[in-house]
Amino acid sequence: MKIGNKEFKIGSHTYIMGILNVTPDSFSDGGKFNTMDAALKQAERMIAEGADIIDIGGESTRPGYTLLSDEEEIARVVPTVEAVKKQFDIPVSVDTYKGNVAKAAIDAGADMINDIWGLKFDDVMAGVIAESGLPCCLMHNRKEPDYKNFMLDMLSDLYETVQIAEKAGIADEKIILDPGVGFGKTYENNLEVINKLEQLHALGYPVLLGTSRKSVIGLTLDLPVDERVEGTLATTVMGVMKKCSFVRVHDVKENKRVITMTEAILAR
């Protein structure tokens, strides 16, 4: 899979997507990187530590988040995309579920769109991505965790997302799927999907795992957001063992080390 000017060897390695939130209110790092200077320094740091993609987000999607207007989200995201692309040679993803924001980000140079609603929030999103020809990560989400059979229902929801993508003209080789840990799921659902990640491969697409510092870790370990690195690393090891192609994380250095160690063991 080609993202930006970089080739990703799907199935042979777990790559790192580093999180860059240019928001005042994200659950883990809100306000830390919402100035241009701070955002660029964080991007530089993540690249030095081994990030393969930088994922820029302009709206917090934590529980109870405030919905932004398209214009406000664009005002946060577009200058950051332009600056990161100008200063660094790394693929840039934009974390948005709004078609207008995605189009503005693509026009600014984004290499990929990361949609937490799997094309189901905004009717124009699939067409925007298809027209751009860019790859996308499409996440599972629900408004309420009302499942009859959790894993089957989740896979069915993701299949619906894939059908929307295909109908719009998004090529199969441009699609990554994300099980959506922490979104539209109970605590038990989150643990189950991490344990059964291999089932997502039945759909035939690369898988991205995003668990970094999330509540499933905080609840399990009874720890605040800033003490969830070790818990995150445990989930990353699971992701590598279950053949996830990408992990989306805040703590790049630590996750890079644990991926390298896990892959070395599995290679023997």
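Derivation of every value follows stated rules applied to the coordinates shown; laboratory data play no part. All of these numbers come straight from a predicted model, not from anything done at the bench. For neighbour counting, all protein chains shown are included, and Cβ atoms are generated from backbone atoms with ideal geometry for every residue, glycine included.
Tell me the relative contact order for segment 180-253 as a rounded percent, counting alpha carbon contacts under 8 Å between residues six or more apart. Across segment 180-253, relative contact order equals 37 percent. Its DSSP H runs of at least 4 residues, each contributing -39,500 (n - 2.57), put the calculated 222 nm mean residue ellipticity of the chain at -13000 deg cm²/dmol, to the nearest 500.
Values of log10 I(q)/I(0) for segment 1-142 across q = 0.19 Å⁻¹ run -1.15, by the Debye formula with one identical scatterer at each alpha carbon and no solvent.
Report the net charge of residues surrounding residue 267, where surrounding means a beta-carbon distance below 15 angstrom and charges are Lys +1, Arg +1, Asp -1, Glu -1. After counting each charged neighbour, the total is +2. Within the chain, antiparallel bridges make up roughly 5 percent of the DSSP beta bridges whose residues both belong there. Each residue of segment 204-216 is assigned a 3J(HN,Hα), and the resulting list reads x, 10, x, 10, 10, 10, x, 10, 3, 6, 6, 5, 4 Hz, derived from the Karplus form 6.51 cos²θ - 1.76 cosθ + 1.60 (θ = phi - 60°), x at Gly and Pro.
Direction-averaged projected area, Cα convex hull, segment 119-220: 6.4 nm², rounded to one decimal. Of the chymotrypsin sites (Phe, Trp or Tyr not before Pro) found in segment 123-204, none is in coil by DSSP with at most 12 other Cβ atoms within 10 Å of its Cβ. Farthest toward the positive end of the dipole of the chain, out of 164, 23, 207, is the Cα of 207, where the dipole comes from beta carbon charges about the Cα centre.
The distance separating the Cα centre of segment 34-61 from that of segment 200-255 comes to 18 Å.
This model, with +1 at the C-beta of Lys and Arg and -1 at the C-beta of Asp and Glu, gives the chain a dipole about its Cα centre of some 680 debye.
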